[in-house]
Structures are given as C-alpha cells and as structure tokens.
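> Right, I'll just put the structure down here and ask away after.
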Amino acid sequence: MEQPRLITDSFPLRRRRRRPGRAPGTGKGKGKGKGTGCPRVPAAEEESPGSGPDPSVLEMLRSFDLAWEYGPCTGITRLQRWERAQELGLSPPDTVRDALLEHQDDPSIIYNLWHEYEL
C-alpha cells in the first residue's frame, strides 16, 4: 500500500546557508521599508536578573495584552491602548495604568507582546 503524496513532495527541498556574522532573521532586505516605529529591546537589557520589573507586573500586563475586551493592541503602546479603552468606556484596570506610568522608560513594559512583529 502506497502512502498518499503531499503537494509539497513535488517541490525540491532548498536550504539557505547563513552568512557568518549575521544573526538569524536579519538577512539582506529584512526589516527595510516597513517598520513599526518601535525600538527593539537589546538582548542584554531583556533579561538581566534583579534589574527588571517584577514578574507579577509583567504577568498582569501580558493578561492585559491578551484581553480582547479592551480592543486590539497591535501598532500602539500599552498606555495608548489603556487610554483608548478608557475613552470608549471599557473600564481598563487602573493597576495597569499605574504600572505603565511607573515604568515609563522600560521597553518591556511600554510595548505589548507583539511589538517586534511587523504588521
């Protein structure tokens, strides 16, 4: 008995070689032209023990990002989303706004979960 063929079987498998000195996903032409306008968080600043915000604050903000009742969150900062939800009468949590105002200089707090992904 013969296995059913997949449509992908008709295409040859091609693998690209990574150039030395380049990080994955930063190939030629990547990220040019289109951009979200949001700065990327450098890896050194992302997870430095002791200097980052409290994990419970990050978890609260993640749950705010995932809560659809406050509207979409792509393309805007968390504070902009909170303010929009407040204007629309959606009653976003005040603890989220307090955390955002307390950590205004921290990109891991300011931007939502998907800020590094292009629209």
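> Looking only at region 49-82, count every residue that is within 14 Å of N112 (Cα to Cα) and outside any loop (DSSP other than H, G, I, E, B) and tell me the total. Step through it out loud before you land on a result.
Our first condition is that a residue be within 14 Å of N112 (Cα to Cα); within region 49-82, this holds for 57-68, 70-82.
Next, only the ones that are outside any loop (DSSP other than H, G, I, E, B) stay: 57-66, 68, 70, 78-82.
Of the residues in that region, 17 qualify.
> Let me ask something else about it. Which condition number does A23 fail, the rest of (1) at pLDDT 90 or above; (2) open to solvent by less than 90 Å² (accessible area, probe 1.4 Å); (3) over 15 Å from the mean Cα position of the chain (by Cα); (4) among the hydrophobic types (A, V, I, L, M, F, W, C) being met?
Going through the list (1) at pLDDT 90 or above; (2) open to solvent by less than 90 Å² (accessible area, probe 1.4 Å); (3) over 15 Å from the mean Cα position of the chain (by Cα); (4) among the hydrophobic types (A, V, I, L, M, F, W, C), A23 breaks only (1).
> Let me ask something additional. Could you check region 65-96 and list, in sequence order, the residues that are open to solvent by 90 Å² or more (accessible area, probe 1.4 Å) and within 21 Å of G52 (Cβ to Cβ)?
Residue satisfying the conditions is L66 alone.
> Consider T36 carefully, then state whether it is part of a loop (DSSP other than H, G, I, E, B), among the β-branched types (V, I, T), under 30 Å from E102 (Cβ atoms) and modelled with pLDDT of 65 or more.
For T36, the condition - part of a loop (DSSP other than H, G, I, E, B), among the β-branched types (V, I, T), under 30 Å from E102 (Cβ atoms) and modelled with pLDDT of 65 or more - is not met.
The values are calculated or read from the model by the stated rules, or taken from the named source; none is laboratory data. Here the structure is a predicted model, which is why all the values come from computation and not from measurement. Backbone-built Cβ (ideal geometry, glycine too); neighbour counts: all protein chains shown. Remember, those area values only see protein heavy atoms, side chains included, never the ligands or the DNA or RNA. Shrake-Rupley method; radii C 1.70, N 1.55, O 1.52, S 1.80 Å.
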